[in-house]
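Let me begin by presenting the structure, written as structure tokens, before commenting on it.
Derivation of every value follows stated rules applied to the coordinates shown; laboratory data play no part. Since this is a predicted model, take the numbers as computed values, not measurements. For neighbour counting, all protein chains shown are included, and Cβ atoms are generated from backbone atoms with ideal geometry for every residue, glycine included.
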Amino acid sequence: NAGVTQTPKFQVLKTGQSMTLQCAQDMNHEYMSWYRQDPGMGLRLIHYSVGAGITDQGEVPNGYNVSRSTTEDFPLRLLSAAPSQTSVYFCASSRKYSNQPQHFGDGTRLSIL
Amino acid sequence: AQKVTQAQTEISVVEKEDVTLDCVYETRDTTYYLFWYKQPPSGELVFLIRRNSFDEQNEISGRYSWNFQKSTSSFNFTITASQVVDSAVYFCALSHLNDYKLSFGAGTTVTVRA
């Protein structure tokens, strides 16, 4: 079972470049989300979606864009990369009930030079 | 506002010692859900347990046990007879009814030495 698949696993960008982090899940989960993990700060929510065509901002949305055209895919776009966006990014999915555990991808380690 | 505090940044123990991880949360809601996740050195996040706010029964799963106390807003996690494979970062998280967003604590790094 694939679960939640994130690509790429590692990426190095230059300041100002744009890129898309891919996230796909095969569990037919309605809810998907993106988090960033920084040392000493846990995971912080960037954007989330409760279904195809519906997205909303989380705690730290600035500099990121998302869309949800299908149930399976939830890409995260960095519009103009900045060194402050150097982080590990996790995509997660779950059934659309708040008591359901979220299933996480393996993460994308992103460095902005 | 909701907040999760894991005051212990790092804990180091010798194998077979018990280790307890503290988690304190803040919320104004009466219905909420608490979670623990494990992040081993390989980096993935592994779900360990979920507890509903209306169920204060403590739980034991093998060497793991959880103590949920609403009176002190705490959801502590104990590893009994720790093993090297327990070395990881452990996160406590909180969500609310009809709100899927998870609020994470900063995490506690557990190092178990042989």
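For chain B, the fraction of alpha-carbon pairs lying more than 23 Å apart is 24 percent, rounded to a whole number.
GNM on chain B, alpha-carbon springs under 10 angstrom: the most fluctuating residue among B:Lys70, B:Lys101, B:Lys38 is B:Lys101. Computed from backbone phi with θ = phi - 60° and the Karplus coefficients 6.51, -1.76 and 1.60, the 3J(HN,Hα) list for segment A:8-25 is x, 7, 9, 7, 10, 10, 9, 3, x, 6, 10, 6, 10, 8, 9, 9, 9, 10 Hz; x is used for glycine and proline.
Under 16 Å of direct C-alpha separation, and excluding same-chain neighbours fewer than eight residues apart, B:Lys38 reaches no lysines at all.
Beyond 31 Å in Cα-Cα separation lie the following of the pairs A:Lys9/B:Lys16; A:Lys96/B:Lys3; A:Lys9/B:Lys101; B:Lys70/B:Lys101; A:Lys96/B:Lys16; A:Lys9/B:Lys70: A:Lys9/B:Lys16; A:Lys96/B:Lys16; A:Lys9/B:Lys70.
Around the Cα centre of segment B:1-45, unit charges on the Cβ atoms of Lys, Arg, Asp and Glu (plus for the first two, minus for the last two) sum to a dipole of about 200 debye.
Karplus-based coupling profile of segment B:33-48, in residue order and whole Hz: 9, 10, 9, 10, 10, 10, 10, x, x, 6, x, 6, 9, 10, 5, 10, with θ = phi - 60° in 6.51 cos²θ - 1.76 cosθ + 1.60 and x standing for Gly or Pro. Taking every C-alpha pair closer than 8 Å and separated by at least 6 residues, the mean separation divided by the residue count of chain B gives a relative contact order of 38 percent.
Dividing the mean sequence gap of close Cα pairs (under 8 Å, 6+ apart) by how many residues chain A holds gives a relative contact order of 36 percent.
Sequence-ordered 3J(HN,Hα) estimates for segment B:14-19 from the Karplus curve with 6.51, -1.76 and 1.60 and θ = phi - 60° stand at 8, 3, 5, 6, 8, 9 Hz, glycine and proline given as x. Each of B:Arg63, B:Arg50 was scored by other Cβ atoms within 10 Å of its Cβ. Arranged with the fewest first, they read B:Arg63, B:Arg50. Note on chain A: GNM, Cα springs under 10 Å; of A:Thr70, A:Thr20, A:Thr86, the largest mean-square fluctuation is that of A:Thr70. Compute the distance from the alpha-carbon center of segment B:1-69 to that of segment A:20-69, in whole Å. Computed from Cα coordinates, the inter-centre distance equals 23 Å.
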